[in-house]
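The values are calculated or read from the model by the stated rules, or taken from the named source; none is laboratory data. Just so we're clear, the structure is a prediction, and the values are computed from it rather than from any experiment. Glycine also receives a Cβ, built like all others from the backbone with ideal geometry; neighbour counts cover every protein chain displayed. Quick note on the areas: whole protein, heavy atoms, side chains included, nothing else; ligands and nucleic acids left out. Shrake-Rupley method; radii C 1.70, N 1.55, O 1.52, S 1.80 Å.
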Amino acid sequence: KQWYQRRVRETKNMSKKQIQRQDVIHEFVHTEQHYVRKLKVLNVVYYNPLQLHDIIEKVQILWLFPNLDELIKIHKEFCNKMLERQRRENPVDEVTDIIIAHLSRYDLKEACAKFCNHQKSALAMFKHTLQNSADLKNFCYQAEMHPVAKRLDLDQLIGCVLHRITKYPLLLGELKKCTKDENNPDFIKINDAIKLAKDLACFVNLRIRETENANRLERLQKSIDNQITEEMEKMGHLHNMRINAPHRKLMFDGPLTLMIDKDHSQEVLGLLMTDCLVLLQKQDARYLLKPLGHELSSQ
């Protein structure tokens with residue numbers, strides 16, 4: 001039941017907007033509790049048992065749960081403060097002070113980014129192992145059947161962190177809609193809270209994109225014909241063209257049409273790096289570096 005349905009006596013002197021505001025606050029706290037519970041389930045049902053049993057490699061566990069304990073601690077502290085405010089104030093007068101303090105924590109940003117940035121590749125590795133391991137299949141079945149897991153699989157539980165990050169701006173937007181009293185402290189601070197929530201989402205998404213781009217460059221580097229690259233470097237056409245060099249980051253990539261002359265063109269893969277533009281020509285299962293003005297195709 002919603003907050004105002006369970007507190008009829010307390011809300012009888014409130015306006016509709018005031019009741020809506022308390023309802024949004026209740027939803028914020030309730031969903032944060034639910035989120036912390038999911039993190040704890042992830043810890044109890046997957047992380048701890050996987051550490052005890054030799055089912056997958058330790059590096060996979062580290063990629064899947066790089067800092068789960070830290071995340072639980074940070075969000076549990078926040079949730080407890082929100083719950084305490086609800087207990088002390090009925091109705092709740094202000095929550096943005098707690099929310100702003102939480103979202104301003106640099107360790108929150110770093111913890112969320114660390115947990116999420118290898119998530120895609122870590123889950124892909126886990127699923128690959130799952131296809132070839134009867135022990136892991138049995139473990140996952142038992143984990144999903146665990147009473148506290150409620151049939152939630154690893155994907156659903158591990159994805160809750162990124163989902164919660166994207167939920168904060170939406171919940172705060174709803175709070176803003178029903179906070180119209182200019183004398184309320186939340187009226188003054190709500191925009192700051194929304195900005196911090198959006199900044200957190202941007203920070204984490206940027207880290208994820210940087211990690212995925214770095215992984216993509218690593219894969220592409222392995223598929224480049226190094227023999228031809230070395231020959232071109234000796235000829236002076238290329239210099240330090242390891243695309244996954246530490247100082248080099250991928251900004252954008254995609255297919256390009258390279259015009260050789262007015263009648264001929266060639267499809268290449270373009271990689272816009274922080275310090276250069278790289279063109280790759282596909283040849284069978286390999287890539288060739290394609291410098292402008294030098295024809296690499298054997299045709």
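Label positions at Gln33 and Lys16, each projected 7 Å from the Cα along the C-beta direction, are separated by 2.8 nm. With every protein chain in place and a 1.4 angstrom probe, the accessible-area ranking of Lys16, Lys282, largest first, reads Lys16, Lys282. When a 1.4 Å probe is rolled over the protein heavy atoms, the share of accessible surface on the chain that falls to carbon and sulfur comes to 52 percent. What would the Debye formula give as log10 I(q)/I(0) at q = 0.10 Å⁻¹ for the alpha-carbon point model of the stretch 78-217, no solvent? One equal scatterer on each Cα of the stretch 78-217 leads to -0.49. About its Cα centre, the dipole of the chain is roughly 1480 debye, where the only charges are +1 on Lys and Arg Cβ and -1 on Asp and Glu Cβ. At a probe radius of 1.4 angstrom, the accessible area of the chain per residue rounds to 58 square angstrom. Of the residues Leu136, Pro147, Ile224, the one whose Cα sits farthest towards the positive end of the charge dipole of the chain is Pro147 (charges of +1 on Lys and Arg Cβ, -1 on Asp and Glu Cβ, taken about the Cα centre). Residues Ile158, Ile188, sorted by accessible area with the largest first, give Ile188, Ile158 [1.4 Å probe; ligands and nucleic acids excluded].
Angle of helix 106-116 to the longest C-alpha principal axis of the chain, folded into 0 to 90 degrees and rounded to 10: 60°. Using the alpha-carbon atoms, what tilt in degrees (0 to 90, nearest 10) does helix 134-145 show relative to the longest principal axis of the chain? Helix 134-145 sits roughly 20 degrees off the main axis of the chain. Net charge of the neighbourhood of Thr274, taken over other residues with C-beta under 15 Å away and scored Lys/Arg +1, Asp/Glu -1, is +2. Among residues other than Lys114 with Cβ under 9 Å from its Cβ, the summed charge is -1 (Lys and Arg +1, Asp and Glu -1). Remark: the Ile188-Ile100 segment gains 30.5 nm on full extension, using 0.36 nm per residue and subtracting the alpha carbon distance. Estimated from the Cβ-Cβ distance and a Förster radius of 35 angstrom, the FRET efficiency linking His146 and Val59 is about 0.90. Over the chain, the reciprocal of the mean inverse Cα-Cα separation, the Kirkwood hydrodynamic radius, stands at 23.2 Å. Would you calculate the separation in nanometres between label points at His264 and Asp93, each defined as 7 Å from the Cα along the Cα-to-beta-carbon direction? The answer from the label model is 8.0 nm. Its residue count N sets the reference 2.2 N^0.38 Å, and the alpha-carbon radius of gyration of the stretch 147-210 equals 1.47 times that reference.
If R0 is taken as 30 Å, the Cβ-Cβ distance between Glu218 and Glu110 corresponds to a FRET efficiency of 0.85. In this label model, Asp155 and Lys120 are separated by 1.5 nm, measuring between points 7 Å along each Cα→Cβ vector. Taking 0.36 nm per residue of separation and subtracting the Cα-Cα distance, full extension of the segment from Glu84 to Asp69 would add 3.2 nm.
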